Every structure is written in C-alpha cells, then in structure tokens.
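Have a look at the structure below, then the notes.
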Amino acid sequence: VDMNRDILTLFKEGDDEFSWESGFSHYEINALGPKSLETVIKALTRSSKLWQRIFQFNNDKEAEGRFVKCCIDALDIFEKAPAKNQLSDRRIIFPCYSLTSIISKLTS
C-alpha cells in the first residue's frame, strides 16, 4: 500500500504528499496525461484491492473505508479526467466496476 501511495504522490502538485483522505484536486486531475491517468487508476485499483484484503482478514474499519474510497476515487477521476478521451484502451477502469459489487454487498 505504501508503494502505491508513493506512486500517487508523484502526481500531486508541488511538494504535497498523496493522502488517502483528500486524494487529488480538480486541478491535478485535469493535469493528468493519458499515461499518468492510467498509472493513477491502476495504483488506486491495486490499493483498493489491498485495503479490501486487509479489511477481509483483520476486520479493520479503517481499511474498509480506504478500500471503498480508493475504488470510488478511481471511478471519479476516470470520469472527470479529460485525458480519458486520449486512451486507446479504457479497460483499465473495469476492475473498479468489479470492486463496486463487493462494496454494494458491504452496504446492504
């Protein structure tokens, strides 16, 4: 999870570190190019899966919240980022759609 956080920090403005709670600003999302968008989505998806496993094995409520937030953030960023129109392969977001079925089971 820390490695993914370090990757996400590369796309923050200035000297800011990536925070699971605050994520990315609108400006930072708009500044992502296609390769950067792909990297951010993949890192958030990997993080979501890791947080989900931590929650599953430890029943850790913080991990549950981060699992959900990473997935929702990836979907939100993909929706808002202008660079998505330049992607040749948009399947990078499909794993997040799969994770939403797990999230829906948690909330029901």
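The values are calculated or read from the model by the stated rules, or taken from the named source; none is laboratory data. These numbers were taken from a predicted model, which means no experiment stands behind them. Cβ: placed from backbone, ideal geometry, glycine included. Neighbour counts: every protein chain shown. Side chains included, ligands, DNA and RNA excluded: accessible areas come from the protein's heavy atoms. Shrake-Rupley method; radii C 1.70, N 1.55, O 1.52, S 1.80 Å.
Couple of notes before you dig in:
- Evaluated against (1) touching a helix residue (DSSP H, G or I) at 6+ places or on another chain (Cβ under 7 Å); (2) closer than 18 Å to ILE103 by Cα, ALA81 falls short on exactly one condition, (2).
- Tallying residues that are of a type in the set (Asp, Glu) and farther than 23 Å from PHE67 by Cβ within the range 1-15 yields 2.
- Within the range 24-36, at least one residue is in a loop (DSSP other than H, G, I, E, B), closer than 14 Å to CYS71 by Cα and either of a type outside the set (D, E, K, R) or without any contact (Cβ under 8 Å) to a residue 60 or more places away in the chain (or both).
- Applying the criterion of being modelled with pLDDT of 95 or more and of a type in the set (Asp, Glu) to the residues of the range 58-82, the residue that is most open to solvent (accessible area, probe 1.4 Å) is GLU79.
- Selection from the range 45-57 of residues that are open to solvent by 40 Å² or more (accessible area, probe 1.4 Å) and closer than 16 Å to ILE93 by Cβ: ARG46, LYS49
- LEU37 open to solvent by less than 50 Å² (accessible area, probe 1.4 Å), closer than 28 Å to LYS105 by Cβ and modelled with pLDDT of 95 or more: no
- When SER101, SER88 are screened for being among the small types (Gly, Ala, Ser) and open to solvent by less than 80 Å² (accessible area, probe 1.4 Å), only SER101 passes.
- A single entry from GLU17, GLU28 fulfils the requirement of being open to solvent by 80 Å² or more (accessible area, probe 1.4 Å), over 21 Å from THR100 (Cα atoms) and out of contact with any strand residue (DSSP E or B) (no Cβ under 8 Å at 6 or more places or on another chain): GLU17.
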